[in-house]
Amino acid sequence: MISCTDFMAEIGNYLEGDVAAEVRLQLENHLSHCQSCQVVLDSTRKTLKIVTESGSFDLPEAVFKPIAKGIMARIRNEQD
Amino acid sequence: MGYLGELELGSSFPQFVTFEEAFGFVPQIFRAQTLLPRVIEAEAALLTTILLKEQALSQIQKEYVVLTLAQAHRNVYCVTAHHEMLRLLGVPEQQLDRILVDYAQAGLSPADTDLLSFTLKLGTNGPFVSRDDVTGTLAHGWTDESMLEAILTTALTNFLCTLSTGVGAAPEFTPRLIPETGPSPLFGKPSSEGSSGPYLRAIERNPADFPPFAFFVDEYGFVPNIFRAQTLRPDVLEAEASAIRTVLLTDDVLTRLQKEYILLAVSAANLNTYWVAVHGQVLRTIGVAAEDADQIATDHHHARVAEADRALLDFALKLAVQPSRFGRPDIEALRHHGFAEEQILEAVAITSLTNFLNTMQMGLGAPPDFAPRRVFRPDPSKIAHLSAPGPRPIFKEQLVDPDAELVAKVRNGDLDVFEELINRHSRRVYRTLVGVLGNEDEARDAMQDTFLKAFQHLGDFQQRSKFSTWLVSIASNTGLERLRERRPVESLDDDGSASEEGFRPRDVRAWTDDPEALCAKTETRTLVEKTVMKLPAKYRAVVVLRDLEQLSIADTAEALGLRIPAVKARHLRGRLMVREALSPHFSGGARGVTV
């Protein structure tokens, strides 16, 4: 039998689908009777989706265009 | 009986009536698919439009194509069935046996013989087919219309051979023994680069008044070149569109995602760059990261897919590429993974359809609809017969760097092109810097340094990795230097304690089913940004590169100068910390985000 700590150690690989079949069985067996690990797994999946789809730290064109122009000006200066 | 369960569809099932009329019986290959009548309908439409209608080629000419190719595939079911078909069409048995021994010595006209050489090459060694093969065959007096039919018949034969192997169809007549032939033919050089198609004439059609094209526009947003190349046969396009609609776009047996996985992995195994690009793109639109799709194409064993789906891909690839080794145990393996009969049947149908679409593309030479991320081509040092029993030879797979052309231009002195590279990668560079520095103002500032360094060192860029990966590692180094200068306390280095181990989540209240519905997108974004910024630097950088920029583990490791186990450990810890911080906003009873 594996513990919640064991489960937490493998949860990353489990989410990536990167565990051997027998480990997977053990993890799923643990999940079947551990409410809190179920919650952590489910909410970690949802976290991943929220973060990925959040569009965080996107750079608006209005911000990066002047930066790009600035970089190009410096490059051309250095070449002359 | 085949490998899978069967149902009684009744004598009035329209496709079975058609088969009774055409052949006098319902072939085993279709009886074995009664669990999914919609699939039989789609297949019957392809079969009748491509094989049974007489237009540019006669039915006998097309049956010769099927017979010789099924023989090359050593597919006893198809050889037996089409031997019988040809007998029914009035070809003497003696003549059929001569064709099976050696079609080139069977007294066929030079044009017919040449057409069969072409279809055999296409059907067994598709990646080696080039424009020269097509123009060479056209020179024997064949029209574009007849070549199109020959190509479609070849694709249909590959479909039928894969399908009959997958469902375990048993011959309905005395099985024809397939004569032992000499060593498989070798077909010269693989198709040369740059000789892209389309090879045949086609007619412009307007999606507004051409229903099959309207369907593709609806589904894909454009009409893929592979279908534009077949406008000489609108009825076949109808049948293809309908097969795609009822076999690929349905979601009730296998999921759409599972089907796209099969299409991608099998197309890659068939070295079909065109279809790999299409299905990679489709997967992106349904939310699969480009890197993950690439991984499925190159080696699904290390891809981020569920264990059962990996078994599904093992199954599909074996059926598509090593049919001689495929058998009942492969069906059992999928049952063992929990797949239902209908799902296994649909996997067989999708795999067969992929072989159909791949063969068709290699014959038509339809050019890519957009720049492929990877080019698959045969390794010239290992030219061999693709359909030979046993595993296929190993092929080279080349990484295509979408920036290579621009980088080369800059290196040749065209400075202005560098601005395009900045535009393409500014977001990725910025995010990397935010991840490392944890400060948006500083990150904007450090962008200048990053791109200047990249420009100055462009001559050192070895093209062993992609330009974007190289650029991200420059960005991360630039960020790290600044971090060391200004804040010696905070660094990405390990602080010596085994802090990644044993992180215990504290908030274990269940989350709502659809947490994103709780708040507006801008609120979620602000919350995520704040949460990520609060992470310690070493977790922040990994979370930003993996979860926001969706870099692969290997690329993240390269960019940050970390080893892969360290990336994995930090990524997990970082994710769990983000989860903990978001939990109060999304757990049951929470009312979303107040920031």
When the charge dipole of chain A is computed with +1 at the Cβ of Lys and Arg and -1 at the Cβ of Asp and Glu, the Cα pointing farthest to the positive end, of A:A9, A:A21, A:T44, is that of A:T44
With 10 Å bins from 0: P(r) over segment B:220-297, alpha-carbon pairs, percent = 18, 46, 32, 4
Could you sort B:424-431, B:153-160 so that the peptide with the highest average Cβ count within 10 Å comes first and the rest follow in order?
-> B:153-160, B:424-431
What shape does segment B:261-330 take by its C-alpha gyration tensor, where a ≥ b ≥ c are the square roots of the eigenvalues and a/c under 1.5 counts as rounded, a/b above b/c as prolate, and the rest as oblate?
-> oblate
Over all residues in B:450-459, what is the mean tally of Cβ atoms on other chains that come within 10 Å of each residue's Cβ?
-> 2
Neighbour cut-off at most 12 other Cβ (10 Å), DSSP loop, GluC sites (Glu not before Pro), segment B:1-34 | B:E8
In debye, nearest 20, what is the charge dipole magnitude of chain B about its Cα centre with +1 on Lys and Arg Cβ and -1 on Asp and Glu Cβ, if you could check?
-> 1620
How far is helix B:467-486 tilted off the main Cα axis of chain B, in degrees rounded to 10, range 0 to 90?
-> 10
Would you check the accessible area of B:D102, probe 1.4 Å, heavy atoms only, in square angstrom rounded to 10?
-> 60
So how compact is chain B: Cα radius of gyration and Dmax in angstrom?
-> 27.9, 89
In nm, to one decimal, how far is the modelled label at B:R201 from the one at A:S32, with both set 7 Å along Cα→Cβ?
-> 6.6
Compute log10 of I(q)/I(0) for chain A with the Debye formula, placing one identical point scatterer on every Cα and leaving out solvent, at q = 0.11 Å⁻¹, to two decimals.
-> -0.51
Hey, what angle do you get for helix B:59-72 against the long axis of chain B, alpha-carbon based, 0 to 90 degrees rounded to 10?
-> 60
Could you pull out every one of the lysines with an alpha carbon less than 25 Å from that of B:K53, ignoring same-chain neighbours closer than 8 positions?
-> B:K62, B:K121
So which of B:K521/B:K568; A:K46/B:K259; B:K466/B:K538; A:K46/B:K318; A:K65/B:K534; A:K69/B:K534 end up more than 30 Å apart by C-alpha?
-> A:K46/B:K318; A:K69/B:K534
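Note down the net charge around B:V236, summing +1 for each Lys or Arg and -1 for each Asp or Glu among other residues with Cβ under 12 Å from its Cβ.
Details: positive: B:K53, B:R233; negative: B:E145, B:E149, B:D235, B:E238, B:E240.
Overall, the nearby charge balance is -3.
Express in % the proportion of alpha carbon pairs of segment B:407-481 at distances exceeding 20 Å. Please list the in-between numbers first.
Working: 693 of 2775 pairs.
Summing the P(r) tail past 20 Å for segment B:407-481 gives 25 percent.
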Here the FRET efficiency for A:A73 versus A:M1, based on Cβ atoms and R0 = 60 Å and rounded to 0.05, is 0.40
Neighbouring partner chain Cβ atoms per residue of A:12-21, average, 10 Å criterion | 5
Distance from the Cα centre of segment B:240-258 to that of segment B:542-556, in angstrom?
-> 32
Counting Lys and Arg as +1 and Asp and Glu as -1 over every other residue whose Cβ sits under 13 Å from the Cβ of B:R464, the net charge comes to -3
Angle, helix B:417-437 long axis vs. longest principal axis of chain B, Cα atoms, 0 to 90°, nearest 10?
-> 60
Once the dipole of chain B is set up from charges on Cβ (+1 Lys and Arg, -1 Asp and Glu), the residue from the list B:V91, B:N423, B:F451 lying farthest towards its positive end is B:F451
Mean-position separation - Cα centroids, segment B:62-114 and chain A, in angstrom | 56
Lys/Arg Cβ at +1, Asp/Glu Cβ at -1, dipole of the protein assembly as shown taken about the Cα centre: which of B:M147, B:A559, B:V223 is farthest positive-ward?
-> B:A559
Please report the Cα spread of segment B:1-142 along all three principal axes, rounded to whole Å, starting with the longest.
-> 48, 33, 29
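Using the Cα gyration tensor of segment B:90-159, with a ≥ b ≥ c the square roots of its eigenvalues, what is the shape: rounded (a/c below 1.5), prolate (a/b larger than b/c) or oblate (neither)? Please report the intermediate quantities before stating the final value.
Values: a/c = 1.84, a/b = 1.49, b/c = 1.23.
It is prolate, given that a/c is not under 1.5 and a/b is the larger ratio.
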Mind checking segment B:515-595 for trypsin sites (Lys or Arg not before Pro) that DSSP puts in a loop (not H, G, I, E or B) and that have at most 11 other Cβ atoms within 10 Å?
-> B:R563, B:R591
For segment B:328-373 versus segment B:263-317, the gap between their alpha-carbon centres in whole angstrom | 11
So between B:E41 and B:E291, what do we pick up on full extension, going 0.36 nm a residue minus the alpha carbon distance?
-> 86.4 nm
Applying the gyration tensor rule to the Cα atoms of the protein assembly as shown (axes a ≥ b ≥ c; rounded if a/c under 1.5, else prolate if a/b exceeds b/c, else oblate), the class is prolate
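The values are calculated or read from the model by the stated rules, or taken from the named source; none is laboratory data. All of these numbers come straight from a predicted model, not from anything done at the bench. Cβ atoms come from the backbone with ideal geometry, glycine included; neighbour counts cover every protein chain shown. Areas reflect the complete protein model, heavy atoms only, side chains present, ligands, DNA and RNA absent. Shrake-Rupley method; radii C 1.70, N 1.55, O 1.52, S 1.80 Å.
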